[in-house]
């Protein structure tokens, strides 16, 4: 039985099965008879009503809708099926033969082709679509709207409807629009050619480098490595920043939080760490979440200037992106990092920043009508970041021994580390670097607060020579900060206290470092040994950085042997300490007529 669009009257008790056929050329009587036999058997129907609709987008063949299920018997659908059938033989077939196969009469085409469910949009707005009809759809599955926009299922409701976050413009979707399952979770196309590129959270290049020719589809959500798949963190990831490598070392596979108020140098610490990985066989991934496009461009420009883009991938989701894209951005970046990690590479990933990521997720959750909790965040906001950061690991040798080191960034308000999101992420990570506004405005770069910063893993991964060279510098700095606070009340200071304050002020100067100028290991170790020997105590504070640079250059010119010994053997010995002390004394004698004397 064939009806038009408006003839919907059912027969008595057992109404016929309603089958909508979209096509350009109507099916022949023979084709209709084969379809009728197929659908009567498939749905145990007594009869079939065919509703024929003309649709120029079908191109050739038919698209058939039965309830919420879709049978794609169009030309493109046949191509997809035949591609699977001939995948193992396509090299043996010549192109002309394959084309002739695709042009066979539809009557020879098997009608047991796979099908997919079809749903419909009930409401749409603010980047969220509420759909109904996809009864078997799963959480996290990608669905495709008839306009071509993709979305991800984020809400499954008891009434059979579902909430979908949209990865495109919602103006192209209207009430009643069709939506189909893809039976795939969100993923990102990837290959080794992605290095040096800027991509969006969906894996599309946003630079002018052309296609990345991706050969693999890597899921953006996957379980974190289990206990038996990991091994302990035992190798350092050197940042090139003296204050971090000496006192708060980071190991490969660790998660170290960078936290502080806005404009305190958090991104600079991360980019300096990326720049320092040059020549160290480390892949870097920088994920920009909700940043201004100008800020992202500035980071990319800095990385290009120092040759760091050759081994870096930038995943960009600027503030102009909708909340859905900002939400999946860190997971997409993590998928890129995991791809290289599971291929045995060491990877550094920077999430800049997770505060904006949490805000994007809160926006989506409120639009999906989830119950708000503390600070209007949903109840699963802790899981949001824990399932992301737990994917960082040092893999076991059986899994090729790759690693992923995470540097998540979190922005605080007025230095409040006890706010909801900061405390969540502090509890997930293996330590934090707290950048203090007061130190930053006083000219200390990087503005790391020694008292509130900690690394819970890095000491185990620190090189022997760095661990032995640091000595009591962290304790000395803590005592200096305490003495400095009391000295502001005035009064006379005894000579020992005055000298301790002078020594602490000198340490603060030595730990200063300009942007994008990471220090090599030998320069760090020589600085620490000389500082422990208190060779800079009598140098005026304003001149300490200049003297430090001159001293290190002097070592590289007159004592290259000790520099190479530090750099390649990384083992502390009394001979190295004496060698450094002798060369440093000779430098001060030549330049200033004695240690610290001009």
Exercise for the section: For region 549-570, state whether one or more residues are free of Cβ contacts under 8 Å to residues at least 40 places away in the same chain, outside the structural domain of residue 439 (by TED's automatic domain parsing) and closer than 26 Å to residue 265 by Cα. Expected result: yes
Practice task
Go through the residues of region 187-207 one by one and say whether even a single one is over 28 Å from residue 309 (Cα atoms), in contact with a strand residue (DSSP E or B) (Cβ under 6 Å, 6 or more places away or on another chain) and in a strand (DSSP E or B).
Solution key: no
Fill in the blank from the handout: Only one of (1) at pLDDT below 95; (2) assigned by TED's automatic domain parsing to the domain that holds residue 339; (3) in contact with a helix residue (DSSP H, G or I) (Cβ under 7 Å, 6 or more places away or on another chain) does not apply to residue 263, and that is (3)
Fill in the blank from the handout: Given (1) in the same structural domain as residue 252 (by TED's automatic domain parsing); (2) modelled with pLDDT under 85; (3) loosely packed, with under 15 Cβ neighbours inside 10 Å, residue 458 misses just (3)
Exercise for the section: For residue 476, work out the one condition from (1) assigned by TED's automatic domain parsing to the domain that holds residue 410; (2) crowded, with 16+ Cβ neighbours inside 10 Å; (3) over 29 Å from the mean Cα position of the chain (by Cα) it doesn't fulfil. Expected result: (1)
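Considering only region 448-455, I want to know if a residue exists there that is in contact (Cβ under 8 Å) with a residue 40 or more places away in the chain and closer than 24 Å to residue 229 by Cα.
Looking through region 448-455, at least one residue is in contact (Cβ under 8 Å) with a residue 40 or more places away in the chain and closer than 24 Å to residue 229 by Cα.
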Practice task
Spot the failing condition for residue 211; the list is (1) outside the structural domain of residue 429 (by TED's automatic domain parsing); (2) buried (at least 24 other Cβ atoms within 10 Å of the Cβ), and only one is missed.
Solution key: (2)
Completion exercise
Filter region 348-375 for residues that are modelled with pLDDT under 95 and within 30 Å of residue 236 (Cα to Cα); the one that is surrounded by the fewest Cβ atoms within 10 Å (Cβ to Cβ) is 353
Exercise for the section: For region 467-485, state whether one or more residues are within 28 Å of residue 577 (Cα to Cα), assigned to a helix (DSSP H, G or I), touching a residue at least 60 places away in the same chain (Cβ under 8 Å) and touching a strand residue (DSSP E or B) at 6+ places or on another chain (Cβ under 9 Å). Expected result: no
Practice task
Please specify each residue of region 109-128 satisfying the condition of being modelled with pLDDT of 65 or more, touching a helix residue (DSSP H, G or I) at 6+ places or on another chain (Cβ under 8 Å) and on the phi < 0 side of the Ramachandran plot.
Solution key: 124, 128
Fill in the blank from the handout: Matching residues in region 214-241 (closer than 30 Å to residue 517 by Cα and either outside the structural domain of residue 420 (by TED's automatic domain parsing) or in a loop (DSSP other than H, G, I, E, B) (or both)) number 8
Exercise for the section: Return a yes/no flag: does region 223-236 have any residue that is buried (at least 18 other Cβ atoms within 10 Å of the Cβ) and more than 17 Å from residue 341 (Cα to Cα). Expected result: no
Handout entry: Check on residue 398, out of contact with any helix residue (DSSP H, G or I) (no Cβ under 7 Å at 6 or more places or on another chain), part of a loop (DSSP other than H, G, I, E, B) and surrounded by fewer than 20 Cβ atoms within 10 Å (Cβ to Cβ)
Key = no
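Which members of region 473-502 meet the condition of being touching a helix residue (DSSP H, G or I) at 6+ places or on another chain (Cβ under 8 Å) and within 22 Å of residue 572 (Cβ to Cβ)? Reasoning before the result, please.
In the first step, residues of region 473-502 are kept if they are touching a helix residue (DSSP H, G or I) at 6+ places or on another chain (Cβ under 8 Å); the result is 473-474, 476-477, 479-481, 483-484, 487, 493, 497, 500-501.
Matches in region 473-502: 473, 474, 476, 477.
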Exercise for the section: Evaluate the following for residue 181: is it out of contact with any strand residue (DSSP E or B) (no Cβ under 6 Å at 6 or more places or on another chain) and either free of Cβ contacts under 8 Å to residues at least 24 places away in the same chain or not assigned by TED's automatic domain parsing to the domain that holds residue 430 (or both)? Expected result: no
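Within region 1-57, can you find the residues that are in a loop (DSSP other than H, G, I, E, B), out of contact with any strand residue (DSSP E or B) (no Cβ under 6 Å at 6 or more places or on another chain) and modelled with pLDDT of 70 or more?
Start the filter on region 1-57 by keeping residues that are in a loop (DSSP other than H, G, I, E, B), which leaves 1, 4-16, 24-28, 44-47, 55.
The next check asks that each one be out of contact with any strand residue (DSSP E or B) (no Cβ under 6 Å at 6 or more places or on another chain); those that pass are 4-15, 24-25, 27-28, 44, 46-47.
Those that are in a loop (DSSP other than H, G, I, E, B), out of contact with any strand residue (DSSP E or B) (no Cβ under 6 Å at 6 or more places or on another chain) and modelled with pLDDT of 70 or more: 15, 24, 25, 27, 28, 44, 46, 47.
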Practice task
Among the helices (runs of 4 or more DSSP H) lying completely within region 242-335, list those that include at least 3 residues that are without any contact (Cβ under 8 Å) to a residue 24 or more places away in the chain.
Solution key: 293-305
Exercise for the section: With respect to residue 443, determine if the residue is surrounded by fewer than 14 Cβ atoms within 10 Å (Cβ to Cβ), at pLDDT below 95, more than 22 Å from the chain's Cα centre (by Cα) and farther than 25 Å from residue 312 by Cβ. Expected result: yes
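The values are calculated or read from the model by the stated rules, or taken from the named source; none is laboratory data. Quick caveat: nothing in here was measured; it's all calculated off a predicted structure. Here the Cβ is made from the backbone with ideal geometry for all residues, glycine too, and neighbour counts use every protein chain on show.
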